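Engineer: Structure in structure tokens, see below.
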Amino acid sequence: MPEEIVRGHSLEEIREEWALKLNFSPEDITLEVIDKPGFFSRQWKVRLIWADQILQAPLLTSSQAIWDGTKYIITPGEGCKLLLPFMKAGEVWMNGKLQDRPFRICPGDQVEYHPCVYEGTLTWDMQVRFHGLSAVAKVRHELPGRYILPKDLPALEEINLAQVATWESLPATGEVWDETRLNADLNQLKVVHGRRPEAWSEIMAVRGAGEVVIAASTPVIPSVNAKLEDFVGMTPLSETGEKNIDFFASKVQLVNEGTILARKLPGMIGIQGQDVLGKVFPVAAVKDFQFRLKKNVYLSEDGLEVVAACAGQPVRIDERTYSVENVFVHNQDVDLATGSIEFPGDVLIQGSVQDGLRIIAGGRLEIKGSVSHAEIKAEKGARIYQNLLGGKIVVGEKFVVRSELLSGMSELRDQLSVCLQSTTELIKAPGASSFKPGQCLKLVMERQFSELPKLSNRVEKFVIDHKNDEIVTEDLIVTVQTAKRFLVGLGPLEPQSLSSLQRVEETLNQYIENITLEIPEKLSFVVSYVQGATVECAGSFECQKGVYNSDIRVEGDVSIEGVCRGGRITAGGNVKIRELGGSGVSSTFVQISAKSRLYVNYCHPNAIICVGKEIVNIEEACRNLEIYRENGRVQVEKIRGTPL
């Protein structure tokens, strides 16, 4: 026989509970006591034993519910064993005892169900809360009616009144307030503001008890003061996303002309509030401010933005004062700690520039210290007060590039013009009738212009390298590429080579005539001492002590007050040198234009002077050397000197 060991507070409770669980009659369950309640346990421990029998589905008949005018008499049908009361609907009595929990029933029992009759009420208690922020109604709402039962109940083992009872509405007999009463209560409480239109429908939706907000205050929307958006000092995000770190990079924050340095977000006046009693909550006035402008900045048309009037370094002097410095002053050495300097205006360095760093100035540059193996660029002039050791210096880069381009194109044009003229004469010669034009061109180039292919290559590379310069146009690129095509390799032998090169010559002529070099009058580079450096200057060059083993290329005049030994000097203007060359060192080369003059106080014998295309070798030491071109001939004036 099946059995189960359980615990409970009483034997009767255990028997009734398990009879319901097993759907047995309590008499069919046998209890064997194992432990009685004692000091350590207040519960019975028993063994439940019941008969192991096959339960067949009982025959179920419907139960009856008869209304006698005041209550229902429920008569259970066959197989009905349990009834579940529904206290909200009414009271259930059996054998004179109120049943508020599920209980067992059997056919022949009579159970009384007394339905509750609800009169129907709608009342509330109105009050103003939080010093007038809201008016709230505590609503009590009951619908009139009762829960009734059908005459025939379902044929089930359990009768659940919550499932079988239905609501029957009845005329209201209780106290029911209407919307007029609601308005009267609001007036009595002096509620004059914030009435919610949906409040009455919410009151009607309450079942039982609940709270409804009838009126609510209008909150204050505070004023928004004017705010400042500052863009000075913000770190720009990397556009490329590269993770490599350039330790030599410039750390100077720069802005371009038209950059917005700061923006004012205008304030907004708030909206006043009001409580349900009509009290007004004022709003604070908007706090505004005005920008203070210093040099090189201006306000936008709407007065809300501070804009840079020129490129330079932005400065926020105080909370609302801005300016842009177009002169950058650095009061220490330029090293890895400070990084390189790239500035669109004038730059003043109070210290020295160390190896590997670069200084790029869009204006004039002054360095109080020395420069060692650095890259220096100054667009409007430069001065180095101490030594320049190694590195590269470019002064007036834009003019240097254009000068080199003009020089290369002029040389290409001149040689190409002579070459084409010689080719035309060869074609017309009686003995060349069997040659094609391309063959004549090839023959002339091999015998007289062997350097022309290299020159076209050099010019084409220079143009491509500087294609971003505004002076380099797409037509110029096509022209030099065409020249290279028909001058290099087997290009001269192509059928259209002669006619194409003639068009190239015409284009170069037009381009050279139209290009102009407007070099500023005061563009210059002044340095104390130069050694092993490369200098390119679109203006004049002045060295106060000496130049050693350096490459100096200058478009204007050159003045060296000390010794110039080794290296090369190329000048477009006059050259003045106190002492040129030296014994026991490599040759010193000086090249001047056909319109320039060379003045040397003392010249050593290992100097080479080039005037235009003519070369003058100085074979013995001399004093007061002056070389120039006059009446188509190079003139050399000198006084024989004693070797130093």
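Engineer: Mind pulling the per residue volume of the convex hull built on the Cα atoms of the chain? Å³ is fine.
Structural biologist: 484 Å³
Engineer: So which trypsin sites (Lys or Arg not before Pro) in region 245-286 are both in a DSSP loop and have at most 11 other Cβ atoms within 10 Å of their Cβ?
Structural biologist: In loop regions of region 245-286 (DSSP not H, G, I, E or B), the sparsely surrounded trypsin sites (Lys or Arg not before Pro) are Lys251.
Engineer: Between region 270-346 and region 387-415, what's the alpha-carbon centroid distance in Å?
Structural biologist: After rounding, the separation between the Cα centres reads 42 Å.
Engineer: For region 137-183 and region 17-96, what is the separation of their C-alpha centers, rounded to whole Å?
Structural biologist: 29 Å
Engineer: For a label point 7 Å from the Cα of Leu304 along Cα→C-beta, name the residues of region 245-286 whose backbone N is under 20 Å from it.
Structural biologist: 258-271, 286
Engineer: Over the alpha-carbon set of region 451-602, divide Rg by the Kirkwood Rh and report the Rg/Rh ratio to two decimals.
Structural biologist: Value, to two decimals: 1.10.
Engineer: Shifting gears a bit: Among the listed pairs Lys294/Lys398; Lys264/Lys287; Lys380/Lys484, give every one whose C-alpha distance is greater than 23 Å.
Structural biologist: Lys294/Lys398; Lys380/Lys484
Engineer: As I understand it, the value is the acute angle between the Cα axis of helix 179-188 and the longest principal axis of the Cα atoms of the chain; what does it come to in degrees, rounded to 10?
Structural biologist: For 179-188 against the chain, the angle is about 70 degrees.
Engineer: Long-range amide H contacts for Gly77: which residues qualify at under 5 Å (H placed 1.01 Å from N, peptide plane, sequence gap of 5 or more or a different chain)?
Structural biologist: For Gly77, the qualifying residues are Ser63, Gln64.
Engineer: For the modelled label position 7 Å from the Cα of Phe435 along Cα-to-Cβ, which residues of region 482-512 have backbone nitrogen atoms closer than 16 Å?
Structural biologist: It comes to 491-495, 497-499, nothing else.
Engineer: Sticking with this one: So what are the three principal axis dimensions of region 404-483 from its Cα atoms, in whole Å, longest to shortest?
Structural biologist: Over region 404-483, Cα extents along the principal axes are 48, 19, 14 Å.
Engineer: So, one more: Could you tally the net charge around Gln386, taking each other residue with its Cβ under 14 Å from the Cβ of Gln386, Lys/Arg +1 and Asp/Glu -1?
Structural biologist: +1
Engineer: Now a separate question. With a Förster radius of 51 Å, plug the Cβ-Cβ distance of Val283 and Ala209 into 1/(1 + (r/R0)^6) and report the FRET value to the nearest 0.05.
Structural biologist: Once the sixth-power term is evaluated, E becomes 0.85.
Engineer: Extension gain Gln502-Lys576, at 0.36 nm per residue separation less the Cα-Cα distance, in nm?
Structural biologist: Going from the current span to full extension adds 22.5 nm.
Engineer: 222 nm [θ] for the chain, helices only, -39500 (n - 2.57) per DSSP H run of 4+, per residue, to 500?
Structural biologist: Mean residue ellipticity at 222 nm (helix-derived): -6000 deg cm²/dmol.
Engineer: A further question follows. Within region 207-224, list the residues whose amide N lies under 15 Å from a label point set 7 Å along Cα→Cβ of Leu143.
Structural biologist: 207-209
Engineer: Another question, then. Take Val488 and Leu60, extend 7 Å from each Cα along the Cα→Cβ direction, and tell me the distance between the two endpoints in nm.
Structural biologist: Taking the simple label geometry, Val488 and Leu60 are separated by 10.3 nm.
Engineer: Computed FRET efficiency, Cβ-Cβ of Thr173 and Val224, R0 56 Å: what is it to the nearest 0.05?
Structural biologist: For R0 = 56 Å, the calculated efficiency reads 0.45.
Engineer: What nm value, rounded to one decimal, do you get for the distance between His131 and Glu626 when each label is placed 7 Å out toward the C-beta?
Structural biologist: 10.2 nm
Values in this text are rule-based calculations from the coordinates and carry no lab data. No experiment lies behind these values; they were computed from the predicted model shown. Reconstructed Cβ throughout: ideal geometry from the backbone, glycine too, with neighbour counts over all protein chains shown.
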